[in-house]
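The values are calculated or read from the model by the stated rules, or taken from the named source; none is laboratory data. All of these numbers come straight from a predicted model, not from anything done at the bench. We place every Cβ from the backbone using ideal geometry, glycine too, and count neighbours over all the protein chains shown.
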2 protein chains.
Amino acid sequence: MATIKDIANRLGISISTVSKGLNGASDISEDLRQLVLDTAVEMGYSTKRSKKEEFRKLCLFVENMDYETLDSFGYDLVLGFKQNAFKHKWDVTVVTITPEFQKKERYDTYLLKHGYCGAFILGLALQDPWMEQLKTTTMPTVLLDNFINGNPNVGYLGTDSYEGIHMAVEHLVNLGHKKIAFMNGSLYSLVADQRQEAFEDAIKEYNVDCNENMMARGYFVADSAHYHVPTFLKEGATAIVCGSDLLAQGVIESCVANGYKVPEDVSVVGFDNIPISATTEPPLTTIAQPRNELGKYAYFILNSLILHIAISRSLLRPSLVERESTARVKIVEDIKKDVKKRK
Amino acid sequence: MATIKDIANRLGISISTVSKGLNGASDISEDLRQLVLDTAVEMGYSTKRSKKEEFRKLCLFVENMDYETLDSFGYDLVLGFKQNAFKHKWDVTVVTITPEFQKKERYDTYLLKHGYCGAFILGLALQDPWMEQLKTTTMPTVLLDNFINGNPNVGYLGTDSYEGIHMAVEHLVNLGHKKIAFMNGSLYSLVADQRQEAFEDAIKEYNVDCNENMMARGYFVADSAHYHVPTFLKEGATAIVCGSDLLAQGVIESCVANGYKVPEDVSVVGFDNIPISATTEPPLTTIAQPRNELGKYAYFILNSLILHIAISRSLLRPSLVERESTARVKIVEDIKKDVKKRK
């Protein structure tokens, strides 16, 4: 476990400054205090809490998502939540769950018997046993990317898909693309539904040339791209927006397999900005989800729900990360010529 | 100005307990502390702040909205915001604005020259001069019921219209109503657009009988009801959902003027739960906006924006307040007979 000295060394500040930051002294700046706390949480530092405070416990459930390594999707989400909770004197326990676990343990009972005041849930699938129980739970709960209708104890948190997809399309339109295809994710996902609606709106708004053959829904895995990309290319798409970075990876591979170069012949945009998107070949232009901020904000929502403020839904803004998978549009005849040459 | 003694008297607790609540002592419960703080703010108590803290100032702009009396729409919104800000050691100044004021003062400049770190804005109209400036402002800003696309410094806060309208329709369907009309608000309002979409969805979901003649958009004033209600009644509507309580008041008056009794012949549901809706004749069944919670939550969003968490939109859950303007559906032939008798 990290000590105060470890934190001081990492930040290059004195032990007494770290101590001030951890204890909320008023003679250091709020920014420095936040930095000390954030670093303490990231390094696994934990203080002994007073007896009274031991009862302030929150649970963070994780399913279908890696979070333990720096390059995993969940790392920053879990970290952000812990950072804010720690600052406000809550303990957080991370519990990995499976559908089997959910069948064995009732949601409310599990939280109550372990003394949790509320929970943040990552990666729950629509068909999971707890989704049904969440409709009537009395425990304050924040759900990432899932919405529960009509229960004031459950808040939905996500990234604004509408704004993200609009950013992607606008970026491509600004590069001169007029025929843009959409490789979207699973049919059974709230987020994929939102991204679909957003894309259909965006192509109208930006007057993009797109027909039904140029929009497909696979799963959040790379493989499904191979079924659809050849059709997109035959229809003359010069750019492909993807519902996730994993799909975008598959789309790039499929373009290459069909003799098309990315971004010279076809531009590709991902969604999520998962850590590996910086190291694909070529590095992926993508719509970033603010993962650390989502984690931090989840704490604010959960705290509000505990205070009986019934948050229905909260969305954070995404941002465009420009890397090398998008470029200015090429003349269609030139693309065809070059692809032919390569075959 | 209220003193500590005034607060103690109002709450029936000792002066020393009030003092503990105001100073964050750890030997009183969190609930009591919150109550002391909330009451202190409501009674206008203010402590001398330290020099350092004097710089933590937030501004609350109000346009087109009363907030100074208990029965005004804005009272609880302003109070909730102040209560939470006060608890977290911010000063709040309420500034009433007009379009003329906005033409004279640039938004960012006004905040900077007065030393505000951010603002919460109530009641801004779409065509107001500041709406344009908010697209590019660098000041953390929370907007009630207005959305700014693409600026990470501005967050939108509102009540979930979708859930509210669904509650209204479901309530009427449970009372046996099958023909439901919709009297909605202004064409130039984001909230009215959302309520329109929600109603069109809800009538599909609940298989309600409704045609184009049974949906109208007026303004958020009672008068426009008189143009549309006679048509609704001619089409055989037994219930009318309204986009606001003010519209609902007009709808009730118009029903009565046409010989229909509310709720005996026609049920009417409002939206907002403004204070007067409890005292209309009959008292109005309506969808309540959680105004105090909206104010409190606005503080959390503003604080997050100040910490560079780009909140795009946050919606709180509404709730159904059942009063006397809705009742079980009557057989249509009986309604017609009774209305004829009365004329």
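Quick one: count up the residues across the stretch A:168-190 that are within 14 Å of chain B (Cβ to nearest Cβ) and surrounded by 21 or more Cβ atoms within 10 Å (Cβ to Cβ).
Matching residues across the stretch A:168-190 total 2.
Any residue that is of a type in the set (Asp, Glu) and farther than 18 Å from A:Asp145 by Cβ - is there at least one of those in the stretch A:237-251? Spell out the reasoning first.
Step one: filter the stretch A:237-251 for residues of a type in the set (Asp, Glu), giving A:245.
Still in the running and farther than 18 Å from A:Asp145 by Cβ: none.
No, every residue in the stretch A:237-251 fails to be of a type in the set (Asp, Glu) and farther than 18 Å from A:Asp145 by Cβ.
Which members of the stretch A:202-223 meet the condition of being assigned to a helix (DSSP H, G or I) and out of contact with any strand residue (DSSP E or B) (no Cβ under 8 Å at 6 or more places or on another chain)? Break it down stepwise before answering.
Just the residues of the stretch A:202-223 that are assigned to a helix (DSSP H, G or I), to begin with: A:202-205, A:212-214, A:222-223.
Within the stretch A:202-223, A:Ala202, A:Lys204, A:Glu205, A:Glu212, A:Asn213, A:Ala222, A:Asp223 meet the criteria.
Among the residues that make up the stretch B:4-24, is at least one of them more than 21 Å from A:Ile306 (Cβ to Cβ), under 29 Å from the mean Cα position of the chain (by Cα) and not in a helix (DSSP H, G or I)?
no
So, restricting to helices (runs of 4 or more DSSP H) that lie completely within the stretch A:230-343, which ones have at least 1 residues that are within 14 Å of chain B (Cβ to nearest Cβ) and either polar (S, T, N, Q) or at positive phi (or both)?
Working: elements: A:245-257, A:291-306, A:332-342.
By residue number, A:291-306.
Consider B:Gly185 carefully, then state whether it is closer than 23 Å to B:Ser224 by Cβ and among the small types (Gly, Ala, Ser). If you could, list the steps in order and put the result at the bottom.
Details: closer than 23 Å to B:Ser224 by Cβ: yes; among the small types (Gly, Ala, Ser): yes.
Yes: the conditions hold for B:Gly185.
Of these, B:Ser277, B:Ser224, which one is closer than 19 Å to B:Gln196 by Cα, in contact with a Lys or Arg (Cβ under 9 Å, 6 or more places away or on another chain) and modelled with pLDDT under 95? Break it down stepwise before answering.
Working: B:Ser277 fails: closer than 19 Å to B:Gln196 by Cα.
Residue meeting the stated conditions: B:Ser224.
Does the stretch A:316-326 contain at least one residue that is closer than 30 Å to A:Gly155 by Cα and without any contact (Cβ under 8 Å) to a residue 12 or more places away in the chain? Outline the logic, then answer.
If we filter the stretch A:316-326 for residues that are closer than 30 Å to A:Gly155 by Cα, which is where we start, we get A:316-321.
Still in the list and also without any contact (Cβ under 8 Å) to a residue 12 or more places away in the chain: none.
No, the conditions are met nowhere in the stretch A:316-326.
Please state which of the following conditions B:Asn149 fails to meet, knowing it meets all the rest: (1) within 14 Å of chain A (Cβ to nearest Cβ); (2) surrounded by fewer than 16 Cβ atoms within 10 Å (Cβ to Cβ); (3) within 18 Å of the chain's Cα centre (by Cα).
Condition not satisfied by B:Asn149: (3).
Kindly check whether there is at least one residue in the stretch B:294-309 that is among the polar types (S, T, N, Q), touching a strand residue (DSSP E or B) at 6+ places or on another chain (Cβ under 7 Å) and modelled with pLDDT of 95 or more.
Here is the first cut: in the stretch B:294-309, the ones among the polar types (S, T, N, Q) are B:303-304.
Subsequent filtering for residues that are touching a strand residue (DSSP E or B) at 6+ places or on another chain (Cβ under 7 Å) retains B:304.
Still in the list and also modelled with pLDDT of 95 or more: none.
The answer is no; no qualifying residue exists.
For B:Gly155, indicate whether it is in contact with a strand residue (DSSP E or B) (Cβ under 8 Å, 6 or more places away or on another chain), closer than 25 Å to B:Ser186 by Cα and in a helix (DSSP H, G or I). Let's see the steps before the verdict.
Numbers: in contact with a strand residue (DSSP E or B) (Cβ under 8 Å, 6 or more places away or on another chain): yes; closer than 25 Å to B:Ser186 by Cα: yes; in a helix (DSSP H, G or I): no.
Considered against the rule, which asks whether it is in contact with a strand residue (DSSP E or B) (Cβ under 8 Å, 6 or more places away or on another chain), closer than 25 Å to B:Ser186 by Cα and in a helix (DSSP H, G or I), B:Gly155 comes out as no.
Can you confirm whether B:Ala257 is under 30 Å from B:Tyr156 (Cβ atoms) and either modelled with pLDDT under 95 or touching a Cys at 6+ places or on another chain (Cβ under 6 Å) (or both)? Walk me through how you get there before you give the answer.
Details: under 30 Å from B:Tyr156 (Cβ atoms): no; either modelled with pLDDT under 95 or touching a Cys at 6+ places or on another chain (Cβ under 6 Å) (or both): yes.
No: the conditions fail for B:Ala257.
Among the basic types (Lys, Arg), in contact with a strand residue (DSSP E or B) (Cβ under 8 Å, 6 or more places away or on another chain) and not in a helix (DSSP H, G or I) - does that describe any residue in the stretch A:184-201?
Start the filter on the stretch A:184-201 by keeping residues that are among the basic types (Lys, Arg), which leaves A:195.
Now drop any that are not in contact with a strand residue (DSSP E or B) (Cβ under 8 Å, 6 or more places away or on another chain), which leaves A:195.
Remaining after also requiring not in a helix (DSSP H, G or I): none.
The answer is no; no qualifying residue exists.
Condition (residue is more than 20 Å from B:Ile165 (Cα to Cα) and in contact with a helix residue (DSSP H, G or I) (Cβ under 8 Å, 6 or more places away or on another chain)) applied to the stretch B:263-272: is it met by at least one residue? Show your work before the answer.
Step one: of the stretch B:263-272, the residues more than 20 Å from B:Ile165 (Cα to Cα) are B:264-265.
Narrowing the set further to residues that are in contact with a helix residue (DSSP H, G or I) (Cβ under 8 Å, 6 or more places away or on another chain) leaves B:264-265.
Yes, because at least one residue in the stretch B:263-272 is more than 20 Å from B:Ile165 (Cα to Cα) and in contact with a helix residue (DSSP H, G or I) (Cβ under 8 Å, 6 or more places away or on another chain).
Do you know which residues across the stretch A:239-251 are in contact with a helix residue (DSSP H, G or I) (Cβ under 7 Å, 6 or more places away or on another chain) and at pLDDT 90 or above?
Residues of the stretch A:239-251 that are in contact with a helix residue (DSSP H, G or I) (Cβ under 7 Å, 6 or more places away or on another chain), as a first pass: A:239-243, A:245-247, A:249-251.
Result: A:Ala239, A:Ile240, A:Val241, A:Cys242, A:Gly243, A:Asp245, A:Leu247, A:Gln249, A:Gly250, A:Val251.
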